[in-house]
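Take a look at the structure below.
The values are calculated or read from the model by the stated rules, or taken from the named source; none is laboratory data. All figures in this text were calculated on a predicted structure; none of them were measured in a lab. Positions of Cβ are generated from backbone atoms using ideal geometry, with glycine treated the same way; all protein chains shown enter the neighbour counts.
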Amino acid sequence: MTHTNATGVEPGDGDVETFFDGEVWKNKVVGNSRASGSAETKADAVTAGRRLAIKRATAHFIHTKDGAVGERRTYPRARS
């Protein structure tokens, strides 16, 4: 699904992408062959994608329904 957003930043391996596929919204870790999960609504998929990105301490790319990157959020590792 990887698309470049307006700032030219592309998702890299390990980043999380939330995107629309057919009839459902999905989350996928870039580099994995399968989606990590799906949801009926974008809001539910974004919530699940955010949790996954926080857990992985990585970026979360949220796509619009047409596939463009609409938003990018970064979740760095917490300082110990």
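Taking interchain pairs and intrachain pairs at least six residues apart, which have beta carbon atoms under 8 angstrom, with the first residue in segment 42-64 and among the hydroxyl-bearing types (Ser, Thr, Tyr) and the second surrounded by fewer than 17 Cβ atoms within 10 Å (Cβ to Cβ) and assigned to a loop (DSSP other than H, G, I, E, B)?
Close Cβ pairs satisfying both conditions: THR58/GLY14.
Give segment 5-22 a look and list any residue that's modelled with pLDDT under 95, polar (S, T, N, Q) and surrounded by 12 or more Cβ atoms within 10 Å (Cβ to Cβ), or say none.
ASN5
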